1. Picking from LEU11, LEU42, which residue would you name as being open to solvent by 100 Å² or more (accessible area, probe 1.4 Å) and part of a helix (DSSP H, G or I)?
2. What are the pairs with Cβ atoms under 9 angstrom where one residue, in region 11-40, is at positive phi and the other, located anywhere, is of a type in the set (D, E, K, R)? Sequence gap at least six, or different chains.
Amino acid sequence: MTDFWPAVYALIPSVGVGILFFFAMRAIIRSDRTERLAMAELDAQADAAARQERAAQESSTSSR
């Protein structure tokens, strides 16, 4: 039992680094997911605006 606590103390830095790595990777993945959702929303808005502009041009061209 005398060798147990030194072994635990030796593992603490590795476990700490592992926990930090986990949270860093989780933050990166979450931010990437959020950025992809925001970009998809912006693309959808741009597509809708382009469709609306095309429809307006077609209606003004056909009314002449």
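The values are calculated or read from the model by the stated rules, or taken from the named source; none is laboratory data. If you're wondering where the values come from, they're calculated on a predicted model, not measured in any experiment. Note that we place each Cβ from the backbone using ideal geometry, even for glycine, and neighbour counts take in every protein chain shown. Side chains are part of the model used for accessible areas, which takes the heavy atoms of the whole protein and leaves out ligands, DNA and RNA. Shrake-Rupley method; radii C 1.70, N 1.55, O 1.52, S 1.80 Å.
1. Testing whether each residue is open to solvent by 100 Å² or more (accessible area, probe 1.4 Å) and part of a helix (DSSP H, G or I) leaves just LEU11.
2. none
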